[in-house]
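Quick notes on the structure that follows.
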Amino acid sequence: MAENTMSRKDALELIAEAINESVDDVQPGIELVTLSGWDSMAVLLLMAEFDDQFDIVLDEEKINSLKLVDDILAVLEQNNVLND
Amino acid sequence: MLSQFDRLTKILARSLELDNDKLVASFRLAGVNDIPEISALRCRVFSSLVKEDDERYLRWRYFHRPGFSSTIWVFELSHQIIAALGTEPVELWHDGDIEPALRNMDAIVDPEYNRRGLGAWMTLALQNQNNCVLVTGGNENSTSMLNKLFTALPVRKSFKIILHSKFYLGQKFHYPFVRRLISPFFDFAFKSYLNIKWVSKALPKNLLLVLFNDIGELPELIVDPVGCLAEVKVVRSKAYLKWRYVDKPGSQFWAVGALDEGKLLAYVIYNIENGRGLESMCEGKIVDWYINSKTNATQILASLFIAATKDMKKRGADEVLLVLNDNISEQAAISAGFVFRNLQSDFFVYHSKLSDSSHIFSPDAWYQSFGDSDSI
């Protein structure tokens, strides 16, 4: 288990805050490109958040593979951050 | 705790395979020698929108300001400029005082480095160095980023006067014969409307209307550059007006003014661009104005808007556009026959020290015009 863990609900809030979107809009099944706040700065903020909080390094290849909100949750799951 | 700028510096540096210090050092003020490379980058990003005399434009905008050796920043990677961010140092009047501020414009990133967050990082870098940063307007690529880094003020109202109907009808009716048939009626209607609006809109009798064919004479008459319009504005000083409207290459501006016993009380600056949009429309724009007295301010400004519009009509303008924000200017524009268009646009304000209650974050407190954008 990672040192810093959280629930899916908290993870969605963290993602929403990082990309400056309402958490109501950042839900599983949503395509990232449909979110108005999903831009290059959002990517940079998300990378910074993952780096600061979980020591997760998102490289360019990984970033380019993110299509859905679920893909971001999957990154957290793979790194044992999600606890539910 | 790391600042937002430091956090993003760390991430961007890693993404570009640089260390943090090298990343920061790679963002530097451009020199005159960089102009050809900046222009080439603009051509790669904007393609056909970049004018032939772009290098002359860049030289004027970023290397011709009195007191500044350069006002455009570039990001250099492996001895190649991959991004640039233009700025305009301005004096901002707000809360009863003047403060230096920076207006950002012309942000470009080499398409090969898109989606790395370089544009956002450069903007943050300048916010890190300056208390107050402004951006007028945004595009579909930048608005989301600007909303994250600035307070968006949803203002800048757009107004228009139609002088000749052919272009207006061209947008409404597809068939030329229909346009030819009905245009005399529309021209008559527009002319009648303006004649009614323009009745009894002369300057007060104690004031003298002056037409400045040579705009170079106008800055010399400026005594108090702040004036009385709005509580927050970019100050149009003598040096600023000279740089902005007299020295700008490839553009011609005219002005009308109201003199009170030989002293400049108010002015309106305007220009005409040929070949805009449909079938080479001749588009007039009222780009800047000023008044130094609240007494009869609406009447005086309306008279000057009308005088400027009449002069542009004589010079062949098909329509005259105006963007504004403050209440006095809006009343004057409506009184002069301008019609509101539903084309509001945002501008963006950042201040590192002031609270949200400052006038600077109040949309209604600002004076804004075309002169506050880089489109003029």
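Kindly list, by first and then second residue, each pair from a residue in region B:43-60 that is closer than 18 Å to B:VAL32 by Cα to a residue that is acidic (Asp, Glu), limited to pairs with Cβ atoms under 7 Å and residues at least 6 apart or on different chains.
Pairs that qualify, where the first residue is closer than 18 Å to B:VAL32 by Cα and the partner is acidic (Asp, Glu), are B:TRP60/B:ASP247.
Does region B:306-328 hold any residues that are surrounded by 19 or more Cβ atoms within 10 Å (Cβ to Cβ), in contact with a strand residue (DSSP E or B) (Cβ under 7 Å, 6 or more places away or on another chain) and either of a type in the set (Val, Ile, Thr) or within 15 Å of B:PHE212 (Cα to Cα) (or both), and which are they?
B:ALA307, B:ALA308, B:THR309, B:ASP311, B:MET312, B:VAL320, B:VAL323
Going through B:SER303, B:SER280 one at a time, which residue ends up being buried (at least 24 other Cβ atoms within 10 Å of the Cβ) and over 22 Å from the mean Cα position of the chain (by Cα)? Outline the logic, then answer.
Details: B:SER280 fails: buried (at least 24 other Cβ atoms within 10 Å of the Cβ).
None of the others qualify; the one that does is B:SER303.
Answer yes or no as to whether A:SER7 is within 14 Å of another protein chain (Cβ to nearest Cβ) and either more than 12 Å from the chain's Cα centre (by Cα) or buried (at least 17 other Cβ atoms within 10 Å of the Cβ) (or both).
Working: within 14 Å of another protein chain (Cβ to nearest Cβ): no; either more than 12 Å from the chain's Cα centre (by Cα) or buried (at least 17 other Cβ atoms within 10 Å of the Cβ) (or both): yes.
No, not satisfied.
Within region B:148-161, can you find the residues that are within 14 Å of another protein chain (Cβ to nearest Cβ) and either within 15 Å of the chain's Cα centre (by Cα) or without any contact (Cβ under 8 Å) to a residue 40 or more places away in the chain (or both)?
Initially, region B:148-161 is screened for residues within 14 Å of another protein chain (Cβ to nearest Cβ), giving B:148-152.
The answer is B:LYS148, and nothing else.
Just the residues that are more than 13 Å from chain B (Cβ to nearest Cβ) and open to solvent by less than 30 Å² (accessible area, probe 1.4 Å), please, taken from region A:17-53.
Once the filter is applied, which keeps residues that are more than 13 Å from chain B (Cβ to nearest Cβ) and open to solvent by less than 30 Å² (accessible area, probe 1.4 Å), region A:17-53 yields only A:VAL26.
Out of all the residues in region B:169-181, which are part of a helix (DSSP H, G or I) and surrounded by 14 or more Cβ atoms within 10 Å (Cβ to Cβ)? Explain how you work it out, then say what you get.
In the first step, residues of region B:169-181 are kept if they are part of a helix (DSSP H, G or I); the result is B:169-172, B:176-181.
Correct list: B:LEU169, B:GLY170, B:ARG179.
Residues that are in a helix (DSSP H, G or I), modelled with pLDDT under 90 and not polar (S, T, N, Q): does region A:74-81 have at least one? Give the derivation first.
As a first pass, look at region A:74-81 and keep what is in a helix (DSSP H, G or I): A:74-78.
Okay, now just the ones that are also modelled with pLDDT under 90, so none.
No, because not a single residue in region A:74-81 is in a helix (DSSP H, G or I), modelled with pLDDT under 90 and not polar (S, T, N, Q).
So which of B:VAL287, B:VAL246 ends up being open to solvent by 50 Å² or more (accessible area, probe 1.4 Å), closer than 25 Å to B:GLY227 by Cβ and hydrophobic (A, V, I, L, M, F, W, C)? Break it down stepwise before answering.
Numbers: B:VAL287 fails: open to solvent by 50 Å² or more (accessible area, probe 1.4 Å).
None of the other options fit; the residue is B:VAL246.
Taking region B:135-150 as the search range and keeping residues that are under 22 Å from B:ASP6 (Cβ atoms) and in contact with a strand residue (DSSP E or B) (Cβ under 6 Å, 6 or more places away or on another chain), which one is surrounded by the fewest Cβ atoms within 10 Å (Cβ to Cβ)?
Restricting to residues being under 22 Å from B:ASP6 (Cβ atoms) and in contact with a strand residue (DSSP E or B) (Cβ under 6 Å, 6 or more places away or on another chain), the top hit is B:PHE150.
For residues that are open to solvent by 10 Å² or more (accessible area, probe 1.4 Å) and outside any helix (DSSP H, G or I), scanning just region B:117-134, find the one that is farthest from the other protein chains (Cβ to nearest Cβ).
Among residues in region B:117-134 that are open to solvent by 10 Å² or more (accessible area, probe 1.4 Å) and outside any helix (DSSP H, G or I), the one farthest from the other protein chains (Cβ to nearest Cβ) is B:ASN131.
If I ask for residues that are in a loop (DSSP other than H, G, I, E, B) and open to solvent by 90 Å² or more (accessible area, probe 1.4 Å), which ones from region B:200-230 would you list? Talk me through it step by step, then tell me what you get.
Within region B:200-230, the subset in a loop (DSSP other than H, G, I, E, B) is B:200-206, B:213-214, B:218, B:222-230.
Result: B:SER200, B:LYS205, B:ASN206, B:ASN213, B:VAL223.
What's the number of the only condition in (1) within 30 Å of B:LEU124 (Cα to Cα); (2) outside any strand (DSSP E or B) that B:PHE348 fails to meet?
Of everything listed in (1) within 30 Å of B:LEU124 (Cα to Cα); (2) outside any strand (DSSP E or B), B:PHE348 misses just condition (2).
Looking at region B:310-327, which of its residues are under 19 Å from the mean Cα position of the chain (by Cα) and outside any strand (DSSP E or B)?
B:ASN325, B:ASP326, B:ASN327
Could you tell me which of the residues B:ARG7, B:ARG28 is modelled with pLDDT of 95 or more and of a type in the set (Lys, Arg)? Even if it seems obvious, please write down each step before you answer.
Numbers: B:ARG7 fails: modelled with pLDDT of 95 or more.
After ruling out the rest, the residue left standing is B:ARG28.
How many residues are part of a helix (DSSP H, G or I) and either open to solvent by 50 Å² or more (accessible area, probe 1.4 Å) or at pLDDT 90 or above (or both) when one looks only at region B:151-167?
Here is the first cut: in region B:151-167, the ones part of a helix (DSSP H, G or I) are B:165-167.
From what's left, either open to solvent by 50 Å² or more (accessible area, probe 1.4 Å) or at pLDDT 90 or above (or both): B:166.
So the count comes out to 1.
Does A:ILE63 meet the test of being closer than 21 Å to B:LEU12 by Cα, in a loop (DSSP other than H, G, I, E, B) and open to solvent by less than 60 Å² (accessible area, probe 1.4 Å)? Full working, then the answer.
Details: closer than 21 Å to B:LEU12 by Cα: yes; in a loop (DSSP other than H, G, I, E, B): no; open to solvent by less than 60 Å² (accessible area, probe 1.4 Å): yes.
So A:ILE63 does not fit the description; no.
What tally of residues in region B:75-89 results from selecting those that are within 13 Å of B:ARG28 (Cα to Cα) and open to solvent by 10 Å² or more (accessible area, probe 1.4 Å)?
Number satisfying all stated conditions: 4.
The values are calculated or read from the model by the stated rules, or taken from the named source; none is laboratory data. Predicted model only: the values in this text are computed from it and were never measured. Here the Cβ is made from the backbone with ideal geometry for all residues, glycine too, and neighbour counts use every protein chain on show. To get the accessible areas, we keep the full protein, side chains included, count just its heavy atoms, and leave off ligands, DNA and RNA. Shrake-Rupley method; radii C 1.70, N 1.55, O 1.52, S 1.80 Å.
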